[in-house]
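> I have a structure here, written as structure tokens, and I will follow up with some questions on it.
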Amino acid sequence: MPPGGRNVQRTLSIIKPDGIGKGLIGEVVRRFEKEGIRIIAMRMFRLTLREAEGFYAVHRERPFFGSLTEFMSSGPIVVMVLEGDDVISRNRALMGATDPKKADKGTIRADFADSVERNIVHGSDATETAETEIRYFFSDLDVSE
Ligand code: IDP
Ligand code: MG
């Protein structure tokens, strides 16, 4: 990228069942919009256990996989496509570290999460995973230009 050039990216954000349960849809959306991050697609639904397992397939061998996928299918979620300059890392910065006890003050997870598993939000971690994760939930027709 040239110096001063823009690096417009898309990323997948999920407000997890604990975030919905705590009434944080508006709060999370507000934090994105306040940062100038555009929401270009949004859906709310409940994942089946199978769908949660598919989404988190990279974690299949981890000891927390069963508990995580049960949690993620325990209630409705809100999934969003975010767009903006360097939005993948900017969203991760707004979210905070996976473990809320280690997350910086003022991040979504530090402010609201109960545990490393129930940590309110998901965000893609790289351009390739962002593309795969957006594709898991959205078709091109769902995304507003
Ligand atoms: P991330 O969401 O910050 O990218 P990942 O390591 O990709 O973190 O893990 C995916 C999700 O799995 C986390 O957001 C969290 O809900 C859950 N998770 C991660 N590590 C643990 C753990 O050690 N115990 C329980 N759940 C975990
Ligand atoms: Mg991750």
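> Please enumerate the residues belonging to segment 104-145 that are among the hydrophobic types (A, V, I, L, M, F, W, C) and either surrounded by 19 or more Cβ atoms within 10 Å (Cβ to Cβ) or modelled with pLDDT of 95 or more (or both).
Our first condition is that a residue be among the hydrophobic types (A, V, I, L, M, F, W, C); within segment 104-145, this holds for 108, 110, 112-113, 116, 120-121, 126, 130, 134, 137-138, 141, 143.
Hits for segment 104-145 are I108, A110, F112, A113, V116, I120, V121, A126, A130, I134, F137, F138.
> Taking the condition of being in a helix (DSSP H, G or I), within 16 Å of ligand 2 (Cβ to nearest atom) and without any contact (Cβ under 8 Å) to a residue 24 or more places away in the chain, how many residues in segment 59-84 meet it? Explain how you work it out, then say what you get.
Of the residues in segment 59-84, the ones in a helix (DSSP H, G or I) are 59, 65-72.
Retained after the next criterion (residues that are within 16 Å of ligand 2 (Cβ to nearest atom)): 59, 65, 67-69, 71-72.
Applying the additional criterion that residues be without any contact (Cβ under 8 Å) to a residue 24 or more places away in the chain yields 59, 65, 69.
Of the residues in that region, 3 qualify.
> Ok, one more. If you scan segment 85-101, which residues turn out to be without any contact (Cβ under 8 Å) to a residue 24 or more places away in the chain and closer than 15 Å to R118 by Cβ?
Residues satisfying the conditions are G96, A97, T98, D99, P100, K101.
> Do we have any residue at all in segment 54-65 that's within 12 Å of ligand 1 (Cβ to nearest atom), β-branched (V, I, T) and more than 15 Å from the chain's Cα centre (by Cα)?
Checked against the condition, which is being within 12 Å of ligand 1 (Cβ to nearest atom), β-branched (V, I, T) and more than 15 Å from the chain's Cα centre (by Cα), segment 54-65 yields at least one hit.
> Still on this structure: Could you tell me whether segment 33-53 includes any residue that is more than 16 Å from S115 (Cβ to Cβ), touching a residue at least 12 places away in the same chain (Cβ under 8 Å) and in contact with a His (Cβ under 7 Å, 6 or more places away or on another chain)?
no
The values are calculated or read from the model by the stated rules, or taken from the named source; none is laboratory data. Predicted, not measured: the structure shown is a model, and the values here were computed from it. Heads up, the Cβs are rebuilt from the backbone with ideal geometry, glycines too, and the neighbour counts pull from every protein chain shown.
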